[in-house]
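First the structure, in the form of structure tokens, and then the observations on it.
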Amino acid sequence: MEKELFVPFVIDKPVVYSALSELMINALNETFFAQCGDVEIYHLDGKWCIRDYGRGLSLSHFYESGNVEKLFYKNAMTPGRMTLKDAVALLKTQLVELVIFSQHGTFTFEIEHVNDIENKGSLKIKCSEPFDLDFKGTLIEITNIEEALIWKARATLLQFSKDTVVDH
């Protein structure tokens with residue numbers, strides 16, 4: 001059973017690596033909330049993959065309200081510069097392709113009704129049946145993206161940078 005959701009988006013500053021960072025932040029938060037294995041970021045068969053082993057993204061994660069859990073846990077990472085839906089919309093407006101897999105469905109995306117002058121529009125999210133109901137976590141496959149942008153996004157997050165924590 002396929003579901004569709006249309007959500008409005010507004011892109012403040014169209015910075016692609018910020019959108020990629022937001023996808024990584026979501027994966028890191030899932031690792032925190034689910035107390036599971038580390039996030040993996042890797043390149044395979046021409047695709048960049050962001051993989052976590054948490055609870056898995058669902059359609060509700062794309063709603064405007066965001067994730068209330070982050071308000072109650074001080075160790076959760078707050079969204080960087082944008083929401084998940086805005087990050088996906090920004091990537092799609094830059095012709096980056098992505099598919100998200102979880103036990104809750106397979107998600108694909110299209111941009112509808114874009115107003116380039118105001119950087120806003122609607123993101124159409126299609127959720128089809130999951131390929132594996134026992135799949136743990138979320139797998140995001142990204143194509144048509146420069147490798148340098150992936151590395152720049154990684155560098156914005158301490159967990160993936162080579163920096164050392166000196167104080168909390």
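Things worth noting here:
- Residue under evaluation Ser60, criteria (1) of a type outside the set (Lys, Arg); (2) open to solvent by 80 Å² or more (accessible area, probe 1.4 Å); (3) modelled with pLDDT under 90; (4) not in a loop (DSSP other than H, G, I, E, B), criterion not met: (2)
- Answer residue from segment 95-118, given it is modelled with pLDDT under 85 and aliphatic (A, V, I, L, M) and is nearest to Ile142 (Cα to Cα) among those: Val114
- Within the set Leu123, Leu90, Leu98, the sole residue that is under 20 Å from Glu40 (Cα atoms) and either in contact with a strand residue (DSSP E or B) (Cβ under 6 Å, 6 or more places away or on another chain) or surrounded by 17 or more Cβ atoms within 10 Å (Cβ to Cβ) (or both) turns out to be Leu98.
- Pairs, first over 25 Å from Thr108 (Cβ atoms) in segment 132-160, second surrounded by fewer than 16 Cβ atoms within 10 Å (Cβ to Cβ) and not aliphatic (A, V, I, L, M), C-beta under 8 Å, six or more apart: Ala155/Ser161
- Residues in segment 1-39 that are touching a helix residue (DSSP H, G or I) at 6+ places or on another chain (Cβ under 9 Å) and over 18 Å from Met82 (Cα atoms): Lys3, Leu5, Phe33, Cys36, Gly37, Asp38, Val39.
- Of note, Lys47 does not satisfy the criterion of being surrounded by fewer than 19 Cβ atoms within 10 Å (Cβ to Cβ) and at pLDDT below 95.
- Segment 1-27, subset of a type in the set (Phe, Trp, Tyr) and closer than 19 Å to Leu57 by Cβ, residue surrounded by the fewest Cβ atoms within 10 Å (Cβ to Cβ): Phe6
The values are calculated or read from the model by the stated rules, or taken from the named source; none is laboratory data. Since the structure is predicted, the reported quantities are computational estimates derived from the model, not experimental observations. Cβ atoms come from the backbone with ideal geometry, glycine included; neighbour counts cover every protein chain shown. To get the accessible areas, we keep the full protein, side chains included, count just its heavy atoms, and leave off ligands, DNA and RNA. Shrake-Rupley method; radii C 1.70, N 1.55, O 1.52, S 1.80 Å.
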